[in-house]
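Input: one structure, supplied below.
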Amino acid sequence: MWESLNLKDVVALARDPYPSIRQWARDTGKKVVGSTIADVPEEVIYAFDLLPVTIFGTHKPLKKAPSHLPDNACSLARSNLELALSYEGDLFSGFVLPQVCDTTQHLSDIWRINFPDKFVASFLAPRQADRPSARYWVKEEIERLIDSLGGWLGKKLDDGTLAASIALHNENKAILKELYEIKRNFPGTITNKQFFAMLKVSQQVDKAEFNKSLRTIKDGLKMKKGKNYTDVIMVGITCDPPEIFDIFDDLRINIVGDTLVTGSRYLQGAPAPNGDLIDILADRHFKRGFFSPIHDNVYKNFEEVKKLYKETKAKAVIYVHIEFCESQEYDLPDLKDMIKKEGIPMHVLDTEYQTTSLSHVLTRAQAFFESLKGGSL
């Protein structure tokens, strides 16, 4: 199903993966478990012979979500709920929903009420990661998730199966890191849209199959340096709709680093599948980068961005702001102020999941990069 895809196939799949996931479920007879983004240990879900699918919202019209969440709720949360309520809910046998902010806490309750016949579990990540109890909390949550899935399926999880799942997921991340390195150094080889499509699809399909496609794609690349690219880093949680990457590609903007939950943060902290596996998965949680709803050091976001900016020798920072994301709106003013004091060019890109036109994004991006090439901002 997903073992012989080329880059064009992957881009199309990233736009709408659900028909192929449905076909996969019919062909294999396996259950599909959805989760919204943020730190759910997908290795655990996969080890139970389930397909973990990260839900990234929908670009289709909102029909039912507005009756459950107000208009000023995070557009990603509203879009995720809409996808389940109106479009793809019957595909999923269950859901594992992380609670990382007030909106996602309420969202999991709404989800549970609307899907009483499905498995619904919450994964409560600690919001204050610097507390002594935080690591204990994460380990307990992983063990609770294992017990919940085991009770639902009537089976136990053994270490060998979990270790194999961790190894498979690590392989996926290793290949994606290699592809990212190629993209950084040879931007004419892989576009922004192609690379982030590979990252997105990796979180929605069977990695045992998709890793084969990634290896074939990597081995078949012909390195092209390209000309007149401007290197930038991207900061935020996620970047959607995918047509935003078309704008960057048209402007010859090369994303050479990022802090996205759906980007580099997903690739961080690949745990070695030896020793106590639950301890290893818990430790991984604290090795990942900054995520807006979770805090241990109020300056961590700024320090990570500054370090990445210098390491990549980027020319600017692009911050992707999801409309009405309360966590981002709390963090963004301080980050902007600190970045400005450092003299680092920064552009805030406002996006909304039901955006019908990106003309405003294009106009502002063009103006920013023209100013950047012309001198001071």
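The values are calculated or read from the model by the stated rules, or taken from the named source; none is laboratory data. All of these numbers come straight from a predicted model, not from anything done at the bench. Methodologically, a virtual Cβ is constructed for each residue, glycine included, from the backbone with ideal geometry; neighbour enumeration extends over all protein chains shown. SASA here: full protein model, heavy atoms, side chains in, ligands and nucleic acids out. Shrake-Rupley method; radii C 1.70, N 1.55, O 1.52, S 1.80 Å.
Quick one: dipole size for the chain, taken about the Cα centre, charges +1 on Lys/Arg Cβ and -1 on Asp/Glu Cβ, in debye to the nearest 20.
Charge dipole, the chain, about its Cα centre: 1120 debye, nearest 20.
Still on this structure, I have one more. Using θ = phi - 60° and the Karplus relation 6.51 cos²θ - 1.76 cosθ + 1.60, list the HN-Hα couplings for the stretch 129-140 in order, rounded to whole Hz, with x at every Gly or Pro.
Computed from phi, the couplings for the stretch 129-140 are 6, 8, 6, x, 7, 4, 5, 4, 4, 4, 4, 4 Hz.
Also, I was wondering about something else. What does DSSP give for the chain in terms of the percent of beta bridges that are antiparallel, rounded to the nearest 5? Write out the running numbers ahead of the final one.
Numbers: 1 of 31 bridges.
Taking every DSSP beta bridge within the chain, about 5 percent pair in antiparallel fashion.
Given 0.36 nm per residue, what is the gain on full extension from residue 155 to residue 279 after removing their alpha carbon distance, in nm? Let's see the in-between values first.
Details: separation 124, 0.36 × 124 = 44.64 nm, distance 2.15 nm.
This chain segment gains 42.5 nm when fully extended.
Another question, if that's okay. Taking 8 Å as the Cα distance limit and 6 or more residues as the minimum spacing, I'd like the relative contact order of the stretch 264-377 as a percentage. The partial results should precede the final answer.
Numbers: 77 pairs, mean separation 22.7, N = 114.
Relative contact order of the stretch 264-377: 20 percent.
Something else about it: I'd like to know which of 19, 213, 290 lies farthest towards the positive end of the charge dipole of the chain, counting +1 on Cβ of Lys and Arg and -1 on Cβ of Asp and Glu.
Farthest towards the positive end: 213.
Which of 47, 103, 84 sits closest to the plus end of the dipole of the stretch 1-123, meaning its Cα is farthest towards the positive end, when Lys and Arg get +1 and Asp and Glu get -1 on the C-beta?
Value computed over the given set: 84.
Computed FRET efficiency, Cβ-Cβ of residue 72 and residue 330, R0 22 Å: what is it to the nearest 0.05? Kindly include the intermediate steps, with their values, before the conclusion.
Details: r = 15 Å, r/R0 = 0.66.
Step by step, r from the Cβ atoms, then E = 0.90.
Could you pull out every residue, at least 5 positions away or on a different chain, whose amide H is within less than 5 Å of the one on residue 350? Hs are placed 1.01 Å off N in the peptide plane, and Pro or chain starts have none.
Hits under the 5 Å cutoff: 321.
Now for a different question. Using Cα pairs under 8 angstrom and six or more residues apart, how large is the relative contact order of the chain, in percent? All intermediate terms of the calculation are to be shown ahead of the outcome.
Working: 572 pairs, mean separation 74.7, N = 377.
It comes to 20 percent, rounded to a whole number.
Would you please give the FRET efficiency between residue 225 and residue 4, computed as 1/(1 + (r/R0)^6) with r the Cβ-Cβ distance and R0 = 30 Å, to the nearest 0.05?
Numbers: r = 29 Å, r/R0 = 0.95.
For residue 225 and residue 4, the calculated efficiency is 0.55.
How large is ³J(HN,Hα), in whole Hz, for each residue of the stretch 82-98 in order, when computed from phi with the Karplus curve 6.51 cos²θ - 1.76 cosθ + 1.60 and θ = phi - 60°, using x for Gly and Pro?
4, 4, 6, 6, 10, 10, 10, x, 6, 5, 8, 8, x, 9, 10, 10, x
Keeping all protein chains in place and using 1.4 angstrom, which order do 288, 135 fall into by accessible surface area, from largest down?
Numbers: 288 25, 135 85 Å².
Descending order: 135, 288.
Give the calculated FRET efficiency between residue 348 and residue 23 to the nearest 0.05, with a Förster radius of 41 Å applied to their Cβ-Cβ distance.
Details: r = 40 Å, r/R0 = 0.97.
The value I calculate is 0.55.
Still on this structure: Which whole-Hz couplings ³J(HN,Hα) result when phi for each residue of the stretch 274-290 is put into the Karplus expression 6.51 cos²θ - 1.76 cosθ + 1.60, θ = phi - 60°, listed in order with x for Gly and Pro?
So the Karplus estimates, Gly and Pro as x, are 9, x, 6, 5, 5, 4, 5, 5, 5, 4, 4, 4, 9, 9, 7, x, 4 Hz.
Check residue 123: other-chain or 5+ apart residues with amide H under 5 Å from its amide H, H built from backbone geometry?
For residue 123, the qualifying residues are 97, 99.
Follow-up question, since we're still on this one. Cross-link list 60/218; 173/287; 224/373: which exceed 25 angstrom alpha carbon to alpha carbon?
On the way: 60/218 33 Å; 173/287 15 Å; 224/373 23 Å.
Listed pairs above 25 Å: 60/218.
For the stretch 113-196, what relative contact order do you get, as a whole percent, if you take Cα pairs closer than 8 Å and at least 6 residues apart?
Details: 27 pairs, mean separation 13.4, N = 84.
This gives 16 percent for the stretch 113-196.
Pick from 219, 249, 159 the residue whose mean-square fluctuation is largest in a GNM of the chain, springs joining Cα atoms under 10 Å.
Sorting by GNM fluctuation, first place goes to 219.
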